[in-house]
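See below for the structure under consideration.
Please treat every number below as a calculation from the coordinates, not as lab data. Model, not experiment: these values are computed from the prediction. Cβ: placed from backbone, ideal geometry, glycine included. Neighbour counts: every protein chain shown.
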Amino acid sequence: MKYFTIIVLFILVSCGNKENILLPKSNNTIIKNIEDHSPIYIFFRTKYKDTLAEVNRKNEIISTNWIFNVDKRLPLRLVIPEVMKLQNKKREEKAHKNEKAQNYYSYADTIGKNLAFIPFTNVFYKLEKPKSGIIIFFKKNNEIEVNGIIVKKENIRNYLAALPISVINHYVFCFAKDLSYGSYLQYEILMWDFKVSKSKITKQEFMY
């Protein structure tokens with residue numbers, strides 16, 4: 001509990017003044033601890049009637065693991081372009097590149113009362129519709145569409161596991177661009193075991 005409090009306070013006072021990032025929550029921990037890391041913050045901002053994503057990466061060190069702390073209220077259409085810029089910067093780095101350094105999203109572990117992490121180093125985001133595959137489209141309001149068929153969130157993994165092998169070319173994860181980042185990360189956590197157990201899941205994720 002003490003460790004969790006320290007981390008929350010660190011997020012709140014980062015950037016020299018009081019800041020507030022509302023992290024997604026989950027009772028499923030993918031990774032508990034990350035060593036040798038740099039924090040990157042994407043804050044929720046409003047200006048007049050517009051919502052803005054403000055990136056703070058002052059502590060970024062290219063050779064370390066990067067932990068992305070993203071406000072769950074932000075829509076994907078604002079978050080993902082910023083993430084793509086940072087991913088590309090790290091991938092294109094030559095002088096200080098560390099092949100072992102990974103990228104992680106952070107979230108609040110409601111069981112351990114601590115931060116937890118999910119890796120996304122090998123994900124390549126595309127801001128368009130996919131052209132082939134078993135398209136798993138994560139929509140707003142907890143709706144999931146698999147090649148045009150609506151499947152309940154609690155049934156999605158069983159539904160996919162029951163698909164005949166003969167119809168499966170590869171699985172493609174797609175997300176509505178106006179989906180909140182909080183919902184996006186909860187979907188990623190929900191599908192984590194499925195993703196790591198299947199070889200036919202493309203590394204590309206689509207937003208549209």
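Worth a mention:
- Loop-located chymotrypsin sites (Phe, Trp or Tyr not before Pro) in region 17-101, at most 15 other Cβ atoms within 10 Å (DSSP): Tyr48
- In region 126-207, the C-alpha radius of gyration followed by the widest Cα-Cα span (Dmax) gives 11.8, 34 angstrom.
- In the chain, helical runs assigned H by DSSP with n ≥ 4 each contribute -39500 (n - 2.57); averaged across all residues and rounded to the nearest 500, the mean residue ellipticity at 222 nm is -7000 deg cm²/dmol.
- As a proxy for reagent exposure, Val172, Val151 were ordered by neighbouring Cβ count within 10 angstrom, fewest first; the result is Val151, Val172.
- Per-residue Cβ neighbour rank within 10 angstrom, fewest leading, Ser38, Ser197: Ser197, Ser38
- Beyond 21 Å in Cα-Cα separation lie the following of the pairs Lys32/Lys90; Lys90/Lys195; Lys58/Lys89; Lys72/Lys97; Lys25/Lys153: Lys32/Lys90; Lys90/Lys195; Lys72/Lys97.
- With neighbour counts taken as other beta-carbon atoms within 10 Å, the residues His37, His96 rank, fewest first, as His96, His37.
- Entries of Lys113/Lys198; Lys94/Lys129; Lys129/Lys200 with Cα pairs more than 24 Å apart: Lys113/Lys198; Lys94/Lys129
- Cα extents of region 2-121 along the three principal axes, largest first (Å): 38, 37, 27
- Percentage of interatomic Cα-Cα distances in the chain larger than 29 Å: 26 percent
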